[in-house]
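Enquirer: Starting off with a structure, shown below.
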Ligand code: CP
Ligand code: NVA
């Protein structure tokens, strides 16, 4: 394995299955360490946010701090970016100061442009296309609860969005059989589908996309959902709720089709009564707080490996 030093993380497709395994193993090790090695001492991570965040910002800043580095929060609208300075120029300038450029943006192309013009590794903290840091935490959670990834079945129900796109790739790479249920018109991106199918062919995992949530959930080890209305789509809220409800809501009746010991997963923030009912989200088989915690452990692992 060539190693992860200096590498970008944009969708998760850029990492091999061995590299994903290494990040997960390193995360498990770092999760056990009270005082980890200060591998980021003297290093600065720029964190650009064009959209709100609770978990991503807080976990990344904490991760950098615990490893002895400095996380620099930069709000898009308080940068010259907000006044029209180009992405390329911003990348060239930040590159002279910092060791990693992490960014949460609207358009995935913004990240690709940052990566093109910066020598420093660029990390996607969520774009309209992908959310790979979330997937790393999700895979770690699945591993902790199910003991192994290969051969487990995960059902994703709802919007075939950024979270779903990276999750499909991550599952396919690690041998998790994934079944996605979404309405017509809300299927995962074609590019993600292609990348995930390529990875599945290599790992032997299966990838199914259906419009029937019952088909997807049946016999699964984990049921995953995300908001029906992602950030920036608020103007489509009513139309989306009409499309997704009631069929694509994860409630106790749909969840009961999964295996008896199945876990419920959600990247959060959750909308009780929309994509999931309160009894499932707050129920004993929900692992959403562990997923949120795992954002911290996987962020530490990722940073310590790419730097
Ligand atoms: N799951 C996630 O990315 O949450 P935030 O939007 O709070 O960062
Ligand atoms: N799909 C959601 C994920 C939030 C973490 C969004 O993009 O808003």
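Enquirer: Is there a residue being touching a helix residue (DSSP H, G or I) at 6+ places or on another chain (Cβ under 6 Å), at pLDDT 95 or above and within 14 Å of ligand 2 (Cβ to nearest atom) anywhere in the range 148-158?
Expert: The answer is yes; a qualifying residue exists.
Enquirer: In the range 11-47, what residues are assigned to a loop (DSSP other than H, G, I, E, B) and buried (at least 20 other Cβ atoms within 10 Å of the Cβ)?
Expert: The answer is 11, 12, 13, 15, 40.
Enquirer: Would you check if there is a residue in the range 166-179 being in a loop (DSSP other than H, G, I, E, B), touching a helix residue (DSSP H, G or I) at 6+ places or on another chain (Cβ under 8 Å) and either more than 19 Å from residue 288 (Cβ to Cβ) or at pLDDT below 95 (or both)?
Expert: Yes: the range 166-179 contains one or more residues that are in a loop (DSSP other than H, G, I, E, B), touching a helix residue (DSSP H, G or I) at 6+ places or on another chain (Cβ under 8 Å) and either more than 19 Å from residue 288 (Cβ to Cβ) or at pLDDT below 95 (or both).
Enquirer: Can I ask one more? Looking at (1) surrounded by 24 or more Cβ atoms within 10 Å (Cβ to Cβ); (2) within 16 Å of ligand 2 (Cβ to nearest atom), which one does residue 196 not meet, given that it meets all the others?
Expert: (2)
Enquirer: Filtering the range 89-123 down to residues that are touching a strand residue (DSSP E or B) at 6+ places or on another chain (Cβ under 6 Å) and within 16 Å of ligand 2 (Cβ to nearest atom), which residue is nearest to residue 227 (Cα to Cα)?
Expert: 104
Enquirer: Also, quick follow-up: Give the residues of the range 221-238 that are more than 15 Å from ligand 1 (Cβ to nearest atom) and either without any contact (Cβ under 8 Å) to a residue 40 or more places away in the chain or more than 21 Å from the chain's Cα centre (by Cα) (or both), sorted by residue number.
Expert: Residues satisfying the conditions are 235, 236, 237, 238.
Enquirer: Of the residues 59, 75, which is within 16 Å of ligand 1 (Cβ to nearest atom) and surrounded by 18 or more Cβ atoms within 10 Å (Cβ to Cβ)?
Expert: Going through 59, 75 in turn, the sole match is 59.
Enquirer: Quick check: anything in the range 159-173 surrounded by fewer than 24 Cβ atoms within 10 Å (Cβ to Cβ), within 20 Å of residue 22 (Cβ to Cβ), more than 16 Å from ligand 2 (Cβ to nearest atom) and in contact (Cβ under 8 Å) with a residue 60 or more places away in the chain?
Expert: No, every residue in the range 159-173 fails to be surrounded by fewer than 24 Cβ atoms within 10 Å (Cβ to Cβ), within 20 Å of residue 22 (Cβ to Cβ), more than 16 Å from ligand 2 (Cβ to nearest atom) and in contact (Cβ under 8 Å) with a residue 60 or more places away in the chain.
Enquirer: In addition: Anything in the range 174-190 that is within 13 Å of ligand 2 (Cβ to nearest atom) and within 16 Å of the chain's Cα centre (by Cα)? List them, or say none.
Expert: Correct list: 188, 189.
Enquirer: Please report, ordered by residue number, the helices (runs of 4 or more DSSP H) entirely within the range 202-300 with at least 3 residues that are loosely packed, with under 14 Cβ neighbours inside 10 Å.
Expert: It comes to 237-244.
Enquirer: A follow-up question, please. Looking at the range 62-71, can you tell me whether even one residue there is within 21 Å of the chain's Cα centre (by Cα) and within 16 Å of ligand 2 (Cβ to nearest atom)?
Expert: no
The values are calculated or read from the model by the stated rules, or taken from the named source; none is laboratory data. Being a predicted model, the structure only gives us computed values, none of them experimental. Backbone-built Cβ (ideal geometry, glycine too); neighbour counts: all protein chains shown.
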